[in-house]
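Throughout, read-outs are computed from the coordinates displayed, never taken from laboratory work. Predicted, not measured: the structure shown is a model, and the values here were computed from it. Using ideal geometry, Cβ is built from the backbone for each residue, glycine included, and neighbour counts are taken over all protein chains shown.
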Amino acid sequence: MIVCLAANPSVDKLFEIERLRPGQIHRPDGFVQVAGGKGLNVVRAAHSLGGDVRVVALLRGHTGKWLADMLAAEGVDGSFVWTHGENRSSLSVADRETGGLTEFYEHGAEVPTASWVEMMQAVGELLPAAGWLTISGSLPPGPPLDGYREIVAEARAAGVRVVDEDYSRSSWQEAFISPRSANGTIIQLAQSDRDLSGRMEL
């Protein structure tokens with residue numbers, strides 16, 4: 001089983017227009033809305049390819065209910081941790097004339113400590129049956145920079161392979177490696193020409 005952690009999911013929207021003109025009103029003639037954010041994109045893609053996947057996601061309010069409904073409609077199994085507020089939204093505008101894509105990403109709301117602990121516990125409960133753990137997207141506000149370290153250590157101890165896809169690159173060093181015990185590993189990874197796979201070897 002693949003366990004996909006989605007700590008900062010979003011409602012992803014795409015508008016298609018003929019030409020993007022700043023300062024003007026646009027009436028899109030194409031619109032798509034999906035359960036997104038990097039973590040949910042990973043689980044939806046893996047599920048569509050026939051993978052045995054389970055998502056652990058932090059959901060909030062009406063947008064969280066919509067995300068849960070969309071995942072259920074696609075047949076994706078999930079363990080959801082609910083907290084106050086609303087999940088973020090992301091908007092992409094596709095310009096047909098130029099082929100360009102303009103994107104707007106909301107910041108995720110702060111995660112309460114109790115919700116973060118509950119989410120890590122939900123991941124831990126799935127690890128005995130897991131072969132892979134994916135951690136995708138940016139670390140949301142609230143948890144410490146090393147917020148993923150304990151669950152990564154637990155996964156490795158259980159023989160679960162970990163894939164980190166943190167696009168912000170702001171926290172992976174603290175989350176996955178203790179500087180005092182890295183012994184040059186960070187430099188090795190920084191100089192490697194292999195994308196992401198090096199982190200699976202830690």
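Some observations on this one:
- Any hit, region 13-29, residues being closer than 30 Å to Gly142 by Cβ, surrounded by fewer than 23 Cβ atoms within 10 Å (Cβ to Cβ) and of a type outside the set (Gly, Ala, Ser): yes
- Note on region 30-42: among residues that are among the aliphatic types (A, V, I, L, M) and surrounded by 24 or more Cβ atoms within 10 Å (Cβ to Cβ), the one that is nearest to the chain's Cα centre (by Cα) is Leu40.
- When we screen Val117, Val111, Val123 for residues that are in contact with a helix residue (DSSP H, G or I) (Cβ under 6 Å, 6 or more places away or on another chain) and over 14 Å from Lys13 (Cα atoms), the only hit is Val123.
- The condition (being assigned to a loop (DSSP other than H, G, I, E, B), among the β-branched types (Val, Ile, Thr) and over 23 Å from Leu133 (Cβ atoms)) is satisfied by just one residue among Thr98, Thr63: Thr98.
- Per-region count, region 81-95, residues in a strand (DSSP E or B), touching a strand residue (DSSP E or B) at 6+ places or on another chain (Cβ under 6 Å) and either without any contact (Cβ under 8 Å) to a residue 12 or more places away in the chain or not aromatic (Phe, Trp, Tyr) (or both): 9
- Number of the condition not met by Asp69 [criteria: (1) more than 15 Å from Val81 (Cβ to Cβ); (2) charged (D, E, K, R); (3) in contact (Cβ under 8 Å) with a residue 40 or more places away in the chain]: (3)
- Extreme residue, surrounded by the most Cβ atoms within 10 Å (Cβ to Cβ), among residues of region 114-165 that are part of a loop (DSSP other than H, G, I, E, B) and touching a Leu at 6+ places or on another chain (Cβ under 8 Å): Tyr148
- Hey, Ser89 surrounded by fewer than 19 Cβ atoms within 10 Å (Cβ to Cβ) and hydroxyl-bearing (Ser, Thr, Tyr) or not: yes
- Top-ranked residue of region 103-113 - restricted to ones that are free of Cβ contacts under 8 Å to residues at least 60 places away in the same chain and not in a strand (DSSP E or B), ranked as farthest from Ser90 (Cα to Cα): Thr113
- Contact map, region 117-145: residues that are free of Cβ contacts under 8 Å to residues at least 60 places away in the same chain and at positive phi paired with residues that are part of a helix (DSSP H, G or I) and exposed (fewer than 13 other Cβ atoms within 10 Å of the Cβ), Cβ distance under 8 Å, separation 6+ or inter-chain. Pairs shown: Gly142/Thr113.
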